[in-house]
1. So between Glu219 and Ala291, what do we pick up on full extension, going 0.36 nm a residue minus the alpha carbon distance?
2. May I ask for the distance between the Cα centers of the stretch 264-282 and the stretch 383-415, given as a whole number of Å?
3. Given R₀ = 60 Å, FRET efficiency for Glu87-Asp368 by Cβ-Cβ distance, to 0.05?
4. Evaluate E = 1/(1 + (r/R0)^6) for Gln138 and Asp9, where r is the Cβ-Cβ distance and R0 equals 41 Å; express this FRET efficiency to the nearest 0.05.
5. Could you tell me the distance between the Cα centroids of the stretch 105-164 and the stretch 31-87, to the nearest Å?
6. Highest mean first, how do 233-246, 70-83, 318-331, 9-22 rank when packing is the count of other Cβ atoms within 10 Å averaged over residues?
7. Can you match Rg and Dmax of the Cα atoms in Å to one of these, [x] 21.7, 72; [y] 21.7, 63; [z] 28.5, 93, based on a calculation from the structure here?
8. Please enumerate, by chain and number, the aspartates and glutamates with C-alpha under 13 Å from the C-alpha of Lys286, excluding those fewer than 8 residues away in the same chain.
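The values are calculated or read from the model by the stated rules, or taken from the named source; none is laboratory data. The structure presented is a predicted model; accordingly, all values stated were derived computationally and were not measured. Note: ideal-geometry Cβ built from the backbone for every residue, glycine included; neighbour counts use all protein chains shown. Surface areas here come from the heavy atoms of the whole protein model, side chains and all, with no ligands, DNA or RNA. Shrake-Rupley method; radii C 1.70, N 1.55, O 1.52, S 1.80 Å.
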Amino acid sequence: MASWIPTADNSDFSLQNLPYGIFSTENLDARIGVAIGDYILDLKALAQDDIFASLDFDSATLEATTLNAYASLEKDVHQNVRKLLQEILSQDTWLGPVLRDHKTRRERVLVPLSSAKMHMPMQIGDYTDFFVGLYHAQNCSEIFLGKGLPPNFSSLPIAYHGRASSVVISETPLIRPRGQFIHNGSPIEGPCQKLDFEVEFAAFIGRGNQMGSRIDVDEAEEHIFGFVLMNDWSARDIQQWESTPLGPFNGKNFCTTISPWIVTTEALEPFRTTPLQSDNQLAYLKQGKSASVYDIPIRVSLENDSGAYSVTECNTKHVVFSFAQMLAHHTMGGCPMRTRDLIATGTLSGPTSRELGCLLETSRNGLDLYEMESQVPGRQKLSRTFLEDGDVIDLKAQVHGKNGLGRVGFGACRGGVLAFT
């Protein structure tokens with residue numbers, strides 16, 4: 001599947017992908033675009049040129065400054081827009097006069113990625129963070145409780161409600177949070193001493209449900225618009241002191257970073273796999289589709305003044321519940337999900353020491369130094385228990401399709417730690 005737009009072999013943004021984002025430039029206000037190769041296709045400009053007139057939907061939703069209205073449309077609308085864009089951009093397109101052979105339009109609607117500023121893709125309503133990673137749950141239980149998984153872990157998708165107002169786009173700096181935590185046996189107030197990252201995968205809700213109704217597990221994927229990478233920054237000392245008995249609060253509400261491009265369910269269809277199975281699922285969680293999660297490696301690097309270091313490689317498949325099951329459980333009591341809500345997996349640790357999704361696990365809550373290899377051969381390793389001021393954490397994910405399908409990536413999910421002032 002090739003495009004007439006030059007696309008490097010290692011590009012995140014092949015014709016198979018076509019993720020949605022919100023961008024602006026010095027001369028263009030914030031608007032919806034689709035990434036292809038090293039360019040952004042300006043969908044607002046295409047909508048104003050009536051390129052989508054043959055499709056039965058309100059194309060004015062593509063002229064908005066967020067994806068909220070467009071995401072709320074039926075799945076078949078998104079699929080039809082995707083098919084049309086793939087045809088327009090295909091190397092052998094029969095719609096050459098629309099864009100490929102239309103020089104003035106081409107120059108107007110293809111914007112270099114390097115000249116664009118990315119914005120939050122959707123105005124977030126509510127944010128729920130789940131705890132469905134098996135290996136992360138096992139490790140946390142061992143570190144904090146000295147015993148196995150909680151009895152409800154395999155029965156239901158555990159979650160807490162996060163803070164939507166502090167979800168930010170990639171490249172937004174993080175100020176080290178202050179809080180209350182235990183020091184030498186007594187509570188004190190001060191800058192967090194155990195700042196951490198968490199590797200997560202998150203879904204934006206396209207269509208919601210009415211209050212009092214529930215979303216069936218086998219219909220839940222129709223309610224998902226697409227996916228982003230997520231770094232759920234965590235203040236472990238603050239979190240540990242405050243979490244009993246109601247769970248995290250200030251240890252989690254200060255910053256959560258997401259990648260700028262929303263990758264659709266259609267783009268990820270070839271990369272499905274089966275979840276880590278749970279034996280105790282009730283009927284409302286039994287999903288007919290066995291390949292209900294995705295096999296996507298997520299690589300984490302740490303950068304500072306001394307260079308770049310490889311931290312870990314996680315995978316979205318290390319979960320016991322799918323997003324469809326998370327939605328079914330979230331709404332089983334009648335909770336109304338809304339367009340623009342965000343739900344996330346929790347930390348996606350794998351079974352080995354080089355697949356752990358946070359420093360809490362790699363350092364065993366600060367007891368052990370964790371060594372990271374330099375990305376420049378021969379350079380000295382870097383050691384950490386938790387993050388230091390000046391550290392930059394970068395999450396990247398890319399999958400390569402078979403049989404000629406291009407690569408599908410998310411762009412960077414990146415943020416740096418600033419000292420508290």
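1. Numbers: separation 72, 0.36 × 72 = 25.92 nm, distance 1.46 nm.
Difference between extended and current length: 24.5 nm.
2. Using only Cα atoms to place each centre, the spacing works out to 21 Å.
3. Numbers: r = 54 Å, r/R0 = 0.90.
After rounding to 0.05, the efficiency reads 0.65.
4. On the way: r = 38 Å, r/R0 = 0.92.
With a Förster radius of 41 Å, E is 0.65.
5. Each part's Cα centre sits 26 Å from the other's.
6. Numbers: 233-246: 19.0, 70-83: 17.3, 318-331: 24.9, 9-22: 21.7.
Sorting 233-246, 70-83, 318-331, 9-22 by mean packing, highest first, produces 318-331, 9-22, 233-246, 70-83.
7. [x]
8. Output for Lys286: Asp216, Asp218, Glu219.
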